[in-house]
Amino acid sequence: MRSSSHSLDVVIVVVVVVVVAVVVVVAAAVLVVAVVVVAAAAAVVIVVRVVVVVVVIIIIAVVVVVVVAVITVAVVVVVVVVVVVIIIAVVVVVVAVITVAVVAAVVAAAVVVVVVVVAAAAAVVVIVVRVVVVVVVVVVVVVVVG
């Protein structure tokens, strides 16, 4: 009878050992799953942080590009306006110089015309005076001789 009781004790011990082993294996599996879940959660957090950092960097880069583009456009507009103003000023100065030169040429031509007219008039007066002198001399000679 003792051997039957001993066999039952062995079976109970084996069953208890198997149950404990199964519980340990299940607990280990649960622990592994928990570690995997925690690691996955940590990985997700890291990925989310990386994505947030990348998105922030992209937003900053876009803002910088837009600001640089706006500044570039503003500088180009200012340069174009300055160049146009300089061109207009140069054109105005050139037109003024040309106008002054034309007016000076017209005045000089008018002075030349006046000088020529005065000289011609003086020449005509000299000729008329000579003719009058000749006529007077002829008349005097005719009257005296004749």
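Please determine, in degrees from 0 to 90 and to the nearest 10, the orientation of helix 2-145 with respect to the longest principal axis defined by the Cα atoms of the chain, where the helix direction is its Cα long axis.
Computed tilt is about 0 degrees.
If you compute Kirkwood radius over Cα pairs in Å for the structure shown, which of (1) 16.3; (2) 29.3; (3) 14.9 do you land on?
Matching the structure shown: (2).
Suppose R0 equals 41 Å. What FRET efficiency, 1/(1 + (r/R0)^6) with r the Cβ-Cβ distance, do Val32 and Val62 give to the nearest 0.05?
0.40
Would you mind telling me which residue in Val133, Val33, Val68 has the biggest mean-square fluctuation in a Gaussian network model of the chain, where springs connect alpha carbons within a distance under 10 angstrom?
Fluctuation is largest for Val133.
In nm, give the distance between the simple-model label positions of Ala69 and Val112, each being 7 Å from the Cα along the Cα-to-Cβ direction.
6.4 nm
Read-outs throughout are calculated quantities, based only on the coordinates presented, and are distinct from any laboratory measurement. Note that the structure is predicted; figures quoted are calculated from it, not measured. Reconstructed Cβ throughout: ideal geometry from the backbone, glycine too, with neighbour counts over all protein chains shown.
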